[in-house]
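Structure first, then comments.
We did not get these values from a lab; they are worked out from the coordinates using the rules stated. From a predicted model like this one, the values you see are computed outputs, not experimental measurements. Note that we place each Cβ from the backbone using ideal geometry, even for glycine, and neighbour counts take in every protein chain shown.
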Amino acid sequence: MNAPLPLLTTEVPVAPVEVAVPPPVAETEKPQAAEAGRLVDEPAEHDPVGQNLGTVLVLVLTILATGVGIVWSKHQSRKLFVELQGLQKVRDDLDIEWNQLQLEQSTLATESVIDQAARTRLDMGIPAPEAVIYVIR
């Protein structure tokens with residue numbers, strides 16, 4: 001019932017392809033061509049520490065000196081901060097004492113306290129009217 005479909009075949013013409021082959025390089029030109037493609041020369045034996053030993057030692061000593069300097073600076077900073085806190089406490093204590101002395105002075109300078117001290121400690125009192133002497137100029 002179903003007949004097989006015929007296969008369609010078409011032939012595609014293929015054009016010949018030419019491949020360009022570079023001309024051979026002479027023996028004297030080969031190292032130059034190889035060097036032209038390389039950006040950095042790579043020596044066979046490269047010892048950066050041996051060649052730059054002085055520079056490496058200077059850098060290591062500089063790093064160590066910097067580290068010691070940072071530790072010393074931090075220690076001094078903490079020491080001065082502790083001293084600052086102590087001086088601030090002394091200042092606060094003196095400020096409290098000053099306020100107490102001002103309060104005591106204002107209390108002792110009132111007229112009633114002076115009158116009481118004069119009567120009790122110095123046995124002073126108001127003189128009688130006949131004991132008062134008036135000086136007129």
Modelled label-to-label distance, Thr62 and Glu130, 7 Å Cα→beta-carbon offset: nm? 10.6 nm
Provide the net charge surrounding Val113, with neighbours chosen by a C-beta distance below 12 Å and charges set as Lys +1, Arg +1, Asp -1, Glu -1. -1
Just name one of Leu108, Leu84, Val71: the one whose Cα is farthest towards the positive end of the charge dipole of the range 54-125 (beta-carbon charges, Lys/Arg +1, Asp/Glu -1). Val71
